[in-house]
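Notes follow once the structure below has been shown.
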Amino acid sequence: MKIPFATVVPMHKEIEDELKGAINNVIDKGNFISGESVKQFEADFAKYIGVKHCIGVANGLEGILLALSAMGVGEGDEVIVPSHTFIASVLPISTLGAKIVFVEPDEFYTIDVSKIEEKITSKTKVIIAVHLYGQCADMDPIMEIAHRHNIKVLEDAAQAHGATYKGRKAGSLGDVAEFSFYPGKNLGCLGDGGCVVTNDDEIANKVRALGNYGSFEKYKHIYKGYNSRLDEIQAAALDVKLQYLDKWNKRRQEIATRYLSEINNPKVILPKIRKDNTHVWHIFCVRVDNREEFINYLASNNIQALIHYPTAIHKQEAYKELNEEVYPLAEKYAKEVVSLPMYYGLTDEEVSYVIETINKY
């Protein structure tokens, strides 16, 4: 038995005819940018999330960049972001010339609400709440803090398609949110893609213009914009796959339930679910000492495990100006995290094998 970390093949096999039909329909129409497929997916995804606006963009990173730009983030501003996250949550901040202000994670791997307020200054413009691994950050107190200080909140929901917080969908909780549709996401396209969602008309309009060269009307440019649009083929595929997202998430939750209840090795620290949250398990992340030994052990038993993420952002060469800063939890998590196989199509037998193998470690 050989178990990969993830594969999209089983889900695509189930809907192969629908996917090919949607793609062929785009090819037959011959319109590949800003056509009917994008409009339809934007409307359907906005409805699914429970917001007024969805704007398709080229990828998740650019979704964050456009959202921050639309909220006026620029040179001299400060943006609060968790210290334990993927670098895409942070790169747009420095691209816009703003200052990265890290806040340590909590026991759920999301931003520690109790440590946010001490980092707020007169220059703070936005708090980025990352819904890491498929679980929402503790949004109610984050929004309360933000409103009290008159700052905006951006949800980085790149890993949280379909997750809920107190009955509300990820993406509907802050002022604006970004999703990635990278192929390995719970809702992924067949290449790169992303979107920005919001209830704020002004932010929505500005994001749409910024992603279209700063223009609403051809050759009339209001802003110094970008070229960041979701294309028709990706939108068509996403609209098909959106119909199955809840089904696919349910299977991930079934797998996670078994991992949580049946992995009983004291060397393995299991993840926790925040009360009133629905976790969608984009990543099932455990922590172990001697991580390399553990991963090699799994590999010797034909189980692939990955690391999300092996180096804290402030220790990356790209951010060498931050290398001397100290974030103990981010550094600890970076040394210990291991991501177990998690995907739609993982069979009960395979799940049992993963559990049995880990328990024997």
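Could you list, in sequence order, the residues of the range 113-135 that are touching a strand residue (DSSP E or B) at 6+ places or on another chain (Cβ under 7 Å), under 12 Å from V79 (Cα atoms) and not β-branched (V, I, T)?
Correct list: K119, K123, K125, A129.
If I ask for residues that are open to solvent by less than 20 Å² (accessible area, probe 1.4 Å), among the hydroxyl-bearing types (S, T, Y) and free of Cβ contacts under 8 Å to residues at least 24 places away in the same chain, which ones from the range 190-245 would you list?
Answer for the range 190-245, where residues must be open to solvent by less than 20 Å² (accessible area, probe 1.4 Å), among the hydroxyl-bearing types (S, T, Y) and free of Cβ contacts under 8 Å to residues at least 24 places away in the same chain: just S215.
Among the residues of the range 22-41, which ones are surrounded by 16 or more Cβ atoms within 10 Å (Cβ to Cβ) and part of a loop (DSSP other than H, G, I, E, B)?
Across the range 22-41, the qualifying residue is only G35.
When the residues of the range 167-189 are filtered to those that are touching a Leu at 6+ places or on another chain (Cβ under 9 Å) and part of a loop (DSSP other than H, G, I, E, B), which remaining residue is surrounded by the fewest Cβ atoms within 10 Å (Cβ to Cβ)? Give the steps one after another, and end with the answer.
Start the filter on the range 167-189 by keeping residues that are touching a Leu at 6+ places or on another chain (Cβ under 9 Å), which leaves 174-181, 183, 186-189.
Next, only the ones that are part of a loop (DSSP other than H, G, I, E, B) stay: 174-175, 181, 183, 186-189.
Values: G174: 27, D175: 20, F181: 31, P183: 16, N186: 23, L187: 22, G188: 21, C189: 24.
The residue in question is P183.
Which number in (1) outside any loop (DSSP other than H, G, I, E, B); (2) among the small types (G, A, S); (3) closer than 30 Å to G21 by Cα marks the one condition that A204 misses?
(3)
So which pairs qualify, if the first residue must be in the range 305-330 and free of Cβ contacts under 8 Å to residues at least 24 places away in the same chain and farther than 15 Å from V101 by Cβ, the second must be in a loop (DSSP other than H, G, I, E, B) and open to solvent by 40 Å² or more (accessible area, probe 1.4 Å), the Cβ gap must be under 7 Å, and the two must be at least 6 apart or on different chains?
K315/N323
Please go through the range 244-291 and pick out each residue that is within 18 Å of the chain's Cα centre (by Cα), polar (S, T, N, Q) and part of a helix (DSSP H, G or I).
Scanning the range 244-291 gives N249, Q253.
When the residues of the range 8-58 are narrowed to those that are β-branched (V, I, T) and farther than 28 Å from R252 by Cβ, which ends up modelled with the lowest pLDDT? Can you show your working first?
If we filter the range 8-58 for residues that are β-branched (V, I, T), which is where we start, we get 8-9, 15, 23, 26-27, 33, 38, 49, 51, 55, 57.
Filter once more, keeping what is farther than 28 Å from R252 by Cβ: 26-27, 33.
Numbers: V26: 97, I27: 97, I33: 94.
That would be I33.
All but one of (1) open to solvent by 10 Å² or more (accessible area, probe 1.4 Å); (2) within 19 Å of the chain's Cα centre (by Cα) hold for R148, so report the exception by its number.
The one condition R148 does not meet is (2).
Kindly provide the set of residues from the range 138-160 that are assigned to a loop (DSSP other than H, G, I, E, B) and among the small types (G, A, S), ordered by number. Before the answer, list the steps.
First, pick out the residues of the range 138-160 that are assigned to a loop (DSSP other than H, G, I, E, B): 138, 149-151, 157-160.
Answer for the range 138-160, where residues must be assigned to a loop (DSSP other than H, G, I, E, B) and among the small types (G, A, S): A157, A158, A160.
Scanning the range 89-137 for residues that are open to solvent by 10 Å² or more (accessible area, probe 1.4 Å), part of a loop (DSSP other than H, G, I, E, B) and out of contact with any helix residue (DSSP H, G or I) (no Cβ under 9 Å at 6 or more places or on another chain), which turns out nearest to L270 (Cα to Cα)?
Looking at the filtered set, the residue picked out is E107.
Is there any pair with a first residue in the range 87-116 that is under 13 Å from V130 (Cβ atoms) and a second that is modelled with pLDDT under 95 and of a type in the set (S, T, Y) whose Cβ atoms are under 7 Å apart and which are 6 or more apart or on different chains, and what are they?
Partner pairs satisfying both residue conditions: none exist.
Looking at L19, L65 in this structure, which one is open to solvent by less than 60 Å² (accessible area, probe 1.4 Å), in contact (Cβ under 8 Å) with a residue 40 or more places away in the chain, closer than 21 Å to V196 by Cα and in a helix (DSSP H, G or I)? Spell out how you get there, then give the answer.
Numbers: L19 fails: closer than 21 Å to V196 by Cα.
Every option except L65 fails the conditions.
Out of all the residues in the range 327-361, which are under 17 Å from L306 (Cβ atoms) and of a type in the set (K, R)?
K335
Report every pair of residues separated by at least 6 positions or lying on different chains whose Cβ atoms are under 6 Å apart, first residue within the range 268-284 and farther than 21 Å from Q304 by Cβ and open to solvent by 20 Å² or more (accessible area, probe 1.4 Å), second assigned to a loop (DSSP other than H, G, I, E, B) and aliphatic (A, V, I, L, M).
From the range 268-284, the pairs are T278/A163.
Just wondering, is there one or more residues in the range 303-321 that are open to solvent by less than 70 Å² (accessible area, probe 1.4 Å), on the phi > 0 side of the Ramachandran plot and hydrophobic (A, V, I, L, M, F, W, C)?
No.
Six or more apart or on different chains, Cβ under 8 Å: which pairs go from a residue in the range 253-264 that's within 17 Å of N186 (Cα to Cα) and open to solvent by less than 10 Å² (accessible area, probe 1.4 Å) to one that's modelled with pLDDT of 95 or more and not in a helix (DSSP H, G or I)? Could you list them?
Sorted first by the residue in the range 253-264, then by its partner, the pairs are I255/W281; I255/F284; I255/M342; I255/L346; A256/H279; A256/W281; A256/F284; A256/M342.
From the list Y344, Y333, exactly one residue is of a type outside the set (G, A, S), within 21 Å of the chain's Cα centre (by Cα) and within 30 Å of A46 (Cα to Cα). Which is it?
Y344
The values are calculated or read from the model by the stated rules, or taken from the named source; none is laboratory data. Everything quoted here is computed from the prediction, not taken from an experiment. All Cβ positions, even for glycine, are placed from backbone atoms using ideal geometry, and neighbour counts span all protein chains on display. All accessible areas refer to the heavy atoms of the entire protein, side chains included, with ligands and DNA or RNA removed. Shrake-Rupley method; radii C 1.70, N 1.55, O 1.52, S 1.80 Å.
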